[in-house]
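Take a look at the structure set out below.
The values are calculated or read from the model by the stated rules, or taken from the named source; none is laboratory data. Here the structure is a predicted model, which means the values were calculated and not measured. Every residue, glycine among them, receives a Cβ derived from its backbone with ideal geometry; neighbour counts consider all protein chains shown. Surface areas here come from the heavy atoms of the whole protein model, side chains and all, with no ligands, DNA or RNA. Shrake-Rupley method; radii C 1.70, N 1.55, O 1.52, S 1.80 Å.
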Amino acid sequence: MISFSFAYDVKEDRIALRLNGATELVWFTRRLVVFLLTQAASRFAESATSGMDGWVTPKPPVELEHELAVTEPDQGQVGSPVQIAKGQFDAEDRAQAVLCERITLTSHAEGVRLVLVTGADQRTVNLSRAGFHRFLRALLLVANRVAWGLPEVPGWLSKNYLPGPIQGMVDDALHSIEHPGVDPTASDQEDAPPDDARRQPPEDGTPPAA
């Protein structure tokens, strides 16, 4: 089974993909992230099938696929299908990282084939449909926390399928990765003074503004 994780690097302003726990990172720029979350996701949705011939379901096939993929673990898998990894990059990580220049995607009923072009080389990633759903979900979780002004993504991809308490745990985990040691419930803004304090006259006796 292929494993992967995404993390944002502030210094590079790129999202890093790490495959199978390898030391090598593949950098994704904003342009490629947008391609994956919009065009590639939409193309992927076109090949979704309900798997329930003769049944009428209220949800589009791709939404059913996505919900199952991100909430139900595979047989023998322990824990959530979408894992959160720490984004810690040192000089050695950056020295071994390669920039992805182009991505080609082939989608079919059984899964997807991603070809990551990195200069003169390329890396091929074969994923099941559930695997690519998780790939997109993990990428979106990271991309949403970067100030990139991303365009709207397909509704089935952005929809929250997790119960409120679990989603809160995910948000807190992401916050602790990005801001270690900082209380996720703490605010970085000072409380506004009470209304009567704001309306106190200045020391020179000038009446307060209305």
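Summary table below
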read-out	value
Single condition Pro151 does not satisfy, out of (1) modelled with pLDDT of 90 or more; (2) assigned to a helix (DSSP H, G or I); (3) exposed (fewer than 10 other Cβ atoms within 10 Å of the Cβ)	(2)
Subset of region 39-89 [under 19 Å from Leu19 (Cβ atoms), open to solvent by 70 Å² or more (accessible area, probe 1.4 Å) and modelled with pLDDT of 55 or more]	Lys86, Gln88
Condition met for Val146 (within 17 Å of Leu32 (Cα to Cα), among the β-branched types (Val, Ile, Thr) and either assigned to a loop (DSSP other than H, G, I, E, B) or open to solvent by 50 Å² or more (accessible area, probe 1.4 Å) (or both))	yes
Some residue of region 99-106 being farther than 23 Å from Ala48 by Cβ, at pLDDT 95 or above, touching a strand residue (DSSP E or B) at 6+ places or on another chain (Cβ under 8 Å) and open to solvent by less than 40 Å² (accessible area, probe 1.4 Å)	yes
Of all residues in region 20-38 being among the polar types (S, T, N, Q), on the phi < 0 side of the Ramachandran plot and part of a loop (DSSP other than H, G, I, E, B), the one that is surrounded by the fewest Cβ atoms within 10 Å (Cβ to Cβ)	Thr23
Residues (under 11 Å from Cys100 (Cα atoms) and not charged (D, E, K, R)) located in region 15-32	Ile15, Ala16, Leu17, Leu25, Val26, Trp27, Phe28, Thr29, Leu32
Selection status of Val112, open to solvent by less than 60 Å² (accessible area, probe 1.4 Å), at pLDDT 95 or above and either in a loop (DSSP other than H, G, I, E, B) or in contact with a strand residue (DSSP E or B) (Cβ under 7 Å, 6 or more places away or on another chain) (or both)	no
